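Take a look at the structure set out below.
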Amino acid sequence: MYVFQKGKRQGADVVPMCGSRLKRSCFSSECKYGFTLIELLVVISIIALLAAILFPVFGRAREKARQATCISNLKQLGSAFLMYAQDFDEMFPIPSNTAGVQGVNYYWQDIIAVYSGAKGKYNASANPRYVNTVYDCPSLDPFTGSGGERVIGDYGICQLFWPLFPEPSSSLIDTRNIINPASTGLLTEARATFNYATAKVGVVGEDWQNNRFLRSAHSNGLNVLYCDGHVNWTRAVVGDNLSNIFRYDAK
């Protein structure tokens, strides 16, 4: 119900004047109001609160996407290892040594490049040597400290499935001696080629056991390629020992 004040008569109608007791719905230019300082501060506070809530969510979503890309890379590498094994009497490759000069001493990445789609993409002046290939984990950045970080790529192969040693005459891993391929890790995010004794999680730049350690690259965990070709995410933080995964008799 309106409370009318004195108004101007227009014909037979009385038009209410804008007043303090009227609802502020008048169409007169005299009745326009802006935000108060308190209202503006409340809006800014709400926006800041929503940003604080949503930014971590977006960050986790981006990391999940990077983790999915890494899993895809490892699955492709798993297929490359299995194809190599079919061609070389059920053997997985390991480097004959780790000097890493292509054409003289080979990394495992060089050995399976023809199967992984990386053949011809080796660049000795780049870091890593195979740029923009399946050897790169999107969650790991290059590190230029002592010893380098990504000489070839972001993944390391388990060189020795302790106590199973490679077949000495060929420096290859005989897959027929791996008791449970679905439980035995072959490849993961790592500083370099590692063995059973060094399957521990370290941090970037840490000079730990000759710079050989695993990397917790994805939300306090890492992706592991198993000897049967499947990939799983495993929870692991700095200091964790994952040697039980990289045993030839893993269960």
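The values are calculated or read from the model by the stated rules, or taken from the named source; none is laboratory data. Bear in mind that the values here come from a model prediction, so they are computed numbers and not experimental data. Methodologically, a virtual Cβ is constructed for each residue, glycine included, from the backbone with ideal geometry; neighbour enumeration extends over all protein chains shown.
Quick notes on this structure:
- Enumeration of residues in region 120-137 that are in a loop (DSSP other than H, G, I, E, B) and touching a residue at least 12 places away in the same chain (Cβ under 8 Å): Lys121, Ala124, Asn127, Pro128, Arg129, Thr133, Val134, Tyr135, Asp136, Cys137
- Checked against the criterion of being within 19 Å of Trp108 (Cβ to Cβ), of a type in the set (A, V, I, L, M, F, W, C), assigned to a loop (DSSP other than H, G, I, E, B) and modelled with pLDDT of 75 or more, the candidates Leu186, Leu140 yield just one match: Leu140.
- Some residue of region 72-85 being of a type in the set (Phe, Trp, Tyr) and either modelled with pLDDT of 85 or more or not in a helix (DSSP H, G or I) (or both): yes
- Matching residues in region 97-127 - criterion: being surrounded by 13 or more Cβ atoms within 10 Å (Cβ to Cβ), at pLDDT below 75 and either among the small types (Gly, Ala, Ser) or within 18 Å of Thr188 (Cα to Cα) (or both): Thr98, Gly100
- Matching residues, region 48-62, being at pLDDT below 85 and under 20 Å from the mean Cα position of the chain (by Cα): Leu54, Phe55, Pro56, Val57, Phe58, Gly59, Arg60, Ala61
- Filter pass, Ala65 being free of Cβ contacts under 8 Å to residues at least 12 places away in the same chain and either more than 15 Å from the chain's Cα centre (by Cα) or assigned to a helix (DSSP H, G or I) (or both): yes
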